[in-house]
Amino acid sequence: MTFDDIIQFRRSNRKFKADESIPPEIVEKALEHASLAPNSSNMQLWEFHWVRDEAKKRKLVHACLNQSAARTAQELVVIVTRRDKWRHRVQWHKNLILKDAERVGRDARSIKLRLTYYTKLMPFSYMNDGLGILGLYRRFLSFAIGLFRPIYRAEGHAQQRITVHKSAALAAENFMLSMASEEFHTCPMEGFDGVRVKRILGLPRRAEINMVIGCGKGQDDGFWGPRRRLPKDEVIKVH
């Protein structure tokens, strides 16, 4: 399919055919495509949980309110944000940069800039304390500097959550477009009990569920009517 074909094909289908399974390699490739999505500072604060165990799958369907998009899905994938892993990602970047330094020299400008970015700026952006003092400090510093020049407005807990969820959503779209390219439908779900989903997957408290995606060969009656979109001039603004 052309890219336009893929975009037109990818629609949320809420009923999947019970007799048409998805080859595992197609899901694996789609998950690899998800991992290639753009994301903030290449921190990759996400995880993709492909639930194949039947017992867990039944529990997940129940946690998704038994809606048909989960109940009839051949495969279920959960997109998870892992803001709590920022220290691990910083260390991963630092190790890679130091390996590059062995080749080009630690004094190379690119090495210095990348080390500063990941060992100073990223901790400053993601570090938190229980009282929210760091968030207030980041907000005040951004405001003060922003009076004189453009600056990234670093804030606190809420902004960090928005950042990692935006990145996870980009990965989810990569996954769904990849599935569409193989002529399988998907349905991203927001109707779920996040506490129960985290418990099923064994996730820590600070992990968050971005969305649950049901996958399969869609049925004709799985679409909730024709695709309708607002007029282009209402949502597309040219400046």
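The values are calculated or read from the model by the stated rules, or taken from the named source; none is laboratory data. In this text the structure is predicted, and so the values were computed from the model without any measurement. Cβ coordinates were reconstructed from backbone atoms using ideal geometry, including for glycine residues, and neighbour counts include every protein chain displayed.
Scoring GLU20 on the criteria (1) in a loop (DSSP other than H, G, I, E, B); (2) without any contact (Cβ under 8 Å) to a residue 12 or more places away in the chain leaves a single failure, condition (2).
Could you tell me whether SER125 is of a type outside the set (A, V, I, L, M), assigned to a helix (DSSP H, G or I) and at pLDDT below 95? Considered against the rule, which asks whether it is of a type outside the set (A, V, I, L, M), assigned to a helix (DSSP H, G or I) and at pLDDT below 95, SER125 comes out as yes. Does GLY130 meet the test of being free of Cβ contacts under 8 Å to residues at least 24 places away in the same chain and surrounded by fewer than 12 Cβ atoms within 10 Å (Cβ to Cβ)? Taking the combined requirement at face value, the residue satisfies it. For ARG206, indicate whether it is outside any helix (DSSP H, G or I), under 30 Å from GLY132 (Cβ atoms), touching an Asp or Glu at 6+ places or on another chain (Cβ under 7 Å) and of a type in the set (Lys, Arg). Criteria met by ARG206. Here SER167 clears all of (1) in contact with a helix residue (DSSP H, G or I) (Cβ under 6 Å, 6 or more places away or on another chain); (2) more than 30 Å from ASP4 (Cα to Cα); (3) surrounded by 18 or more Cβ atoms within 10 Å (Cβ to Cβ); (4) in contact (Cβ under 8 Å) with a residue 40 or more places away in the chain except the condition numbered (2).
Among residues of region 29-58 that are free of Cβ contacts under 8 Å to residues at least 40 places away in the same chain, those with a Cβ under 8 angstrom from a residue that is assigned to a helix (DSSP H, G or I), sequence gap 6+ or separate chain, pair up as TRP50/VAL27; TRP50/LEU31.
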